[in-house]
Amino acid sequence: MRRPVTAAAAALPAPPSPYAVLRNRSFRRIWTAQLVSTVGDALTSLAAGIIVYERTGSVASVGLMLMATAVPTLVVGLIAGVVVDRFDRKRIMVASDLIRAGLVATLPFLLASTGSVIWLYVVVMLSSSVTQFFSPANESVLPEIASEEELGAANAIMAIAQFGSTAVGFAAAGFLATTKSIELVFYIDSSTFLFSSLMISLVKVAKLEVTEHTTLGEQIRNIGYGAKFIWKTPILRSLNIVRVPVLIAFGMQNVLLLPFAHQVLKADDFQYGLQEGLTSVGFVIGSLAMARLADRLREGQWLVLSFVAMGVMGLAYALQSMVWVAIALIAVSGAMNAPSFVAGRLINQRNTPREARGRVFSTSYVLRDVVYLSGMALAGLADIFDVRLLFVLSSLVVIGAGLIAAVLPGLGLPAAEWRRAMSLLRGAATAPGLAIGRAPTAADLEALGSYLPALSGLTPRDRDTIVSRGRIREAATGTAVMRVGDKGEAAFFVLSGKLVAGVAGEGESRRTLSNMGPGEIVGEIATLTGSPRTADVVAEEPSTLLEIPGDVLRQLMSAPAFGQLVLSKMSERLARSASIADLPRFGGQDRATLRRLNREAEAAGTSAEAAVQAS
């Protein structure tokens, strides 16, 4: 029997413009700040490499300069992630910019007074250490200022600011290296950090509610949380596995580009700078395309396409001897880099809860820089072996990684997985419901606590209440956990497996809002506010759920850690999409609508708190 389509879901507006996110004032400010500071970073990066190469004549020395940007990750990377999840992320970003501005401004004085390039290594390492705090904070706030539908385009447009704008910096550095005092670039870079700090200070970012203990011992224990979360989440684990060979190859190639340009292509500093600049131009073009196309394929498909294409372009570049043809090839490779960059960010953001993003993202950065460091170290082989041979081998590695990505869990066969999820949602009306289940045990709570450390704040009485009143529900693939219109009588925590949520569209079509994995809470909005369910939720794979009855959930909300955890997730979900039923109309609305939805989120949170007080 066909289910009637509700009026709210019957008419789907045209998809929003991929550039609609630029109407978001907070996004514009963060984007502008990133754009300007990245130009300055590119100036310093290229200038430092040129100075070291000209004064030492050693490829290994250039590699050491690039490695200096990665070494700080080993020392402060994981600690930075814990800090980002404990303190105001906006203040962390502003302070990081101000500190980096001061550090870079000292370089001309140090180089002029000592004549030693050692100060380049020291300042670059210190600046990179500060960046370990800025980067996860910056990436963590993006999902908070861009809606779910805007997130793909937001990452693509942000990619232009973070990497595409290096075209201007590289070209300018190459020009200054041949016509002006190259030390001038350090003053320019310092001023861009000051500008960035001003822009970020004007951004409105919701306060991060810390739901876990902030003692020194607890923070030390949380250093390894990001790695554990990544390992337990299949798609994050697959992403980081496939990145290893790619980053080794990229680390090697990044060092080899300068000697390859000079030794093989016979390029001068300006042509080398132009080559680097056009690579970034290609990245900008690819990012603009991804702003429109990001949602056409699943993230895993974009990774495969991007890695294979970059590997093929790198191989063609390695076999080239004509400088202008080589520059064109590397520019195309830059365009092919955009899909993997955007897809990787989306995978991290969409599969990591807000309160854990700092630790998970920092762990990802640590892995990235450690592996990248290894690739840079291998580039020192160019002092012994032919540069062209090393470039060929590294390009083949990238192609192989793309093929591996096609079969890894969460990344491989994504189109089939997507169609399967849609099929499950279409059958939600007639699918079997949840079985009676069993009483939860202390082991069940411990398993959930491994994903949600905030649960450690529950009192023994609260835990006993969950054990006595809660239920463990086993959901086979295809089981309907909840249906549109059902009364919200209980919420569910996912202990294992994966759920998919969707809302009916025109002609019985479906739109997927999100996937929910271990540690996620489902159905808390309807349960706390008394509203009907606004989506179908189906088990995409065998799943174990902890059911919390509505009255117990309201009782537990009085526990500070638990209450903040639930309200934080609830407010974030409402702020980004109003509700699942509102998602279709949400996509085509302007920022006034987004502000209204944020007010709905605040009202819902207030309603839940009032319910707690009443109980």
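The values are calculated or read from the model by the stated rules, or taken from the named source; none is laboratory data. Quick caveat: nothing in here was measured; it's all calculated off a predicted structure. Backbone-built Cβ (ideal geometry, glycine too); neighbour counts: all protein chains shown. Note: areas computed on protein heavy atoms with side chains; ligands, DNA, RNA excluded. Shrake-Rupley method; radii C 1.70, N 1.55, O 1.52, S 1.80 Å.
Structure above, values below:
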quantity: Residues of the stretch 342-393 satisfying the condition of being of a type in the set (Lys, Arg) and more than 23 Å from MET313 (Cβ to Cβ); calculated: ARG350, ARG354, ARG357, ARG359
quantity: Residue match in the stretch 264-278 (condition: closer than 21 Å to ASP369 by Cα and either modelled with pLDDT under 85 or of a type in the set (A, V, I, L, M, F, W, C) (or both)); calculated: yes
quantity: Condition met for SER333 (surrounded by fewer than 23 Cβ atoms within 10 Å (Cβ to Cβ), part of a helix (DSSP H, G or I) and touching a residue at least 40 places away in the same chain (Cβ under 8 Å)); calculated: no
quantity: Checking ARG463 against (1) farther than 30 Å from VAL82 by Cβ; (2) of a type in the set (Lys, Arg); (3) modelled with pLDDT of 80 or more, the condition it does not meet; calculated: (1)
quantity: Scope the stretch 459-490; condition assigned to a loop (DSSP other than H, G, I, E, B) and surrounded by 19 or more Cβ atoms within 10 Å (Cβ to Cβ); matching residues; calculated: GLY470, THR479, VAL484, GLY488
quantity: Matching residues in the stretch 550-560 - criterion: being open to solvent by less than 30 Å² (accessible area, probe 1.4 Å) and either under 17 Å from GLY433 (Cα atoms) or assigned to a helix (DSSP H, G or I) (or both); calculated: GLY550, VAL552, LEU553, LEU556
quantity: Only one of GLU547, GLU520, GLU541, GLU524 that is under 31 Å from the mean Cα position of the chain (by Cα) and more than 15 Å from PHE492 (Cα to Cα); calculated: GLU541
quantity: Some residue of the stretch 235-255 being within 24 Å of PHE385 (Cα to Cα) and of a type in the set (Phe, Trp, Tyr); calculated: yes
quantity: Subset of the stretch 448-458 (residues that are in contact (Cβ under 8 Å) with a residue 60 or more places away in the chain and part of a helix (DSSP H, G or I)); calculated: LEU448, PRO453, ALA454, LEU455, SER456, GLY457
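Conditions tested, residue by residue: (1) over 28 Å from TRP231 (Cβ atoms); (2) in a helix (DSSP H, G or I); (3) open to solvent by less than 20 Å² (accessible area, probe 1.4 Å).
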residue: LEU274; (1), (2), (3): yes, yes, no
residue: PHE283; (1), (2), (3): yes, yes, yes
residue: ALA289; (1), (2), (3): yes, yes, no
residue: TRP302; (1), (2), (3): no, yes, no
residue: GLN320; (1), (2), (3): yes, no, no
residue: SER340; (1), (2), (3): no, yes, yes
residue: GLN349; (1), (2), (3): no, yes, yes
residue: ARG357; (1), (2), (3): no, yes, yes
residue: LEU381; (1), (2), (3): yes, yes, no
